[in-house]
Amino acid sequence: MNLLILNCGSSSLKLQLRDQPVGAPRSGTGRVLASGLVQGIGGPAELLLRREGVAPRQARAPVPDYVAAVRIALDWLAPRGGGAGGLSAPAGPRAGR
């Protein structure tokens, strides 16, 4: 089962996507599929995404609030074009979502 972990700080959002075996203890088990950071929420933010076996992706984008930061994180993790694990690039916040 995939487990998404979000940690919100004063102006940051950290995320980790883990492949967690069903019934396994929550801490320290499972494989990390992806991790990321949105730092500088409330202004121009630094975005970083890491995925196993792929070069890290970095970007800068305006991130006005935590809603936008979570949307960016979910966009990073969403499958693209029917493929699995659409972690190709960070997307900025979109109006009206």
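Taking 54, 63 and ordering them by how much accessible surface each has at a 1.4 Å probe, largest first, produces 54, 63.
Here the peptides 43-52, 2-11 are ranked by packing, the mean other Cβ count within 10 Å, and the order with the highest first is 43-52, 2-11.
The values are calculated or read from the model by the stated rules, or taken from the named source; none is laboratory data. All of these numbers come straight from a predicted model, not from anything done at the bench. Neighbour counts run over all protein chains shown; Cβ positions are idealised from the backbone, glycine included. Note: areas computed on protein heavy atoms with side chains; ligands, DNA, RNA excluded. Shrake-Rupley method; radii C 1.70, N 1.55, O 1.52, S 1.80 Å.
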